[in-house]
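The values are calculated or read from the model by the stated rules, or taken from the named source; none is laboratory data. Source: prediction; values computed, not measured. Cβ atoms come from the backbone with ideal geometry, glycine included; neighbour counts cover every protein chain shown. Quick note on the areas: whole protein, heavy atoms, side chains included, nothing else; ligands and nucleic acids left out. Shrake-Rupley method; radii C 1.70, N 1.55, O 1.52, S 1.80 Å.
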Amino acid sequence: MLLGVCIFASGLLFTLSLTLFLSRLASRGSSLRASDGVLASGGIAIAAGFFATAEAYLVLGNSYPKMQFLIMASLAMFIFGLLDDVHEFSVGLKFLSQIIACSIAVAGGIKTEIVYIGPWVNIIITYIWVLGITNAFNHLDVLDGVTAGTTVFISAGFLVISLFTGQPIVTVIAASLLACASGFFIFNFPPARIYMGNSGSHFLGFVLSLTALMIDYAPMQRKIALISPLLLLGLPIFDSAFLIWVRLKQGRSIVKKSGDHFCLRLLQKIPSKKKTLFLMLGLALFFVSCGVITSRFSNLAGLLVIILCLGVSIPIMWLMAKVKVDA
């Protein structure tokens, strides 16, 4: 517990200071400035806050190979994201950069370890998972505060599970993510003073997807707990599933930019960024709470929680699909 508090406090202070500095940059010629004049350089503060706290833990003599590979892989993902912010990668180049970063993590042993399916299938599932979550976070980042706030809740969920199960490495990662996301969220709250850009959204999704693979959720006799990461990351998964569903239904490309995201449809119904943000974060908290409960209780309780999640998600998707937006 003390370890998590120290990491969170130092990471929060570092990220707050750097985000404040970046938000005050006034150079109109910056290539990291969004169309509305707000700097999209928040990913720098987020990544720097994470690396500063995580690396400090390693420097203090707590060497852990998987964590070192996670840092190297996430650094590569951050650099690719930053280059994407400056030069705007094509879809193919985005996926290639994500595959390269994921390969570093896989080389360090960070992958799914599902029994009976063999190492190669586990590796394939790992790539699908990491790329899927990374891009889900990128899709989620269309409204002030949503991605940062969602990361706060998911990181907190990972932190709670790590403390219950005694996994100090995950505690370090989760507390570091919680700190940098919280520090950035303060400046990204509507109306945003700074955006995270692709360097931030890709980085957060990437690190969270890897962290989910490093956690031991429960003993083998409680197999339902293996669903926990899907629930903890339920909002970005729900958001991407909704986006893919409505676009396929309308015969449109699932990768082309448009204004038909879930939270933008919600914004049409509730024309207030703050109220829309609170509803999105309420949904994120719901999924994270379900994930934590599933990791801690019986198979039956976990099954009931999953049924509850489906019972909430499906009607919401059906209702919001009816909202007309500019595609």
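Rolling a 1.4 Å probe over the protein heavy atoms leaves residue 296 with an accessible area of roughly 90 Å².
For the chain, the relative contact order comes to 24 percent (Cα pairs under 8 Å, sequence separation of at least 6). For residue 39, nonlocal amide neighbours, meaning residues 5 or more places apart or on other chains whose placed amide H falls under 5 Å from its own, are 34, 195. First select every other residue whose beta carbon is under 15 angstrom from the beta carbon of residue 94; then total the charges, Lys and Arg +1, Asp and Glu -1. So the surrounding residues net to -2. Of the residues 258, 182, 289, the one that moves most in a GNM of the chain with alpha-carbon contacts below 10 Å is 258. With the whole protein complex present, residue 237 retains an accessible surface near 60 Å², based on a 1.4 Å probe. Here each label is just a point 7 Å from Cα along the line to Cβ, and for residue 253 and residue 116 those points are 4.2 nm apart. Both numbers refer to the Cα atoms of the chain; Rg and Dmax are 18.9, 58 Å. Long hydrophobic helices in the chain: the complete DSSP H runs spanning 27 Å or more by Cα along their own axis with mean Kyte-Doolittle hydropathy of at least 0.0 are 2-23, 65-87, 119-140, 146-165, 168-188, 273-296, 299-320. Straight-line cross-link reach from residue 249 at under 27 Å between alpha-carbon atoms covers these lysines, not counting any fewer than eight positions away in the same chain: 94, 257, 269, 322, 324. Computed over the chain with a Gaussian network model linking Cα atoms closer than 10 Å, the most mobile of 107, 174, 156 is 107.
Comparing 109, 11, 81 in a Gaussian network model of the chain (Cα springs below 10 Å), the most mobile by mean-square fluctuation is 109.
A Förster radius of 25 Å combined with the Cβ-Cβ distance from residue 86 to residue 20 puts the calculated FRET efficiency at roughly 0.65.
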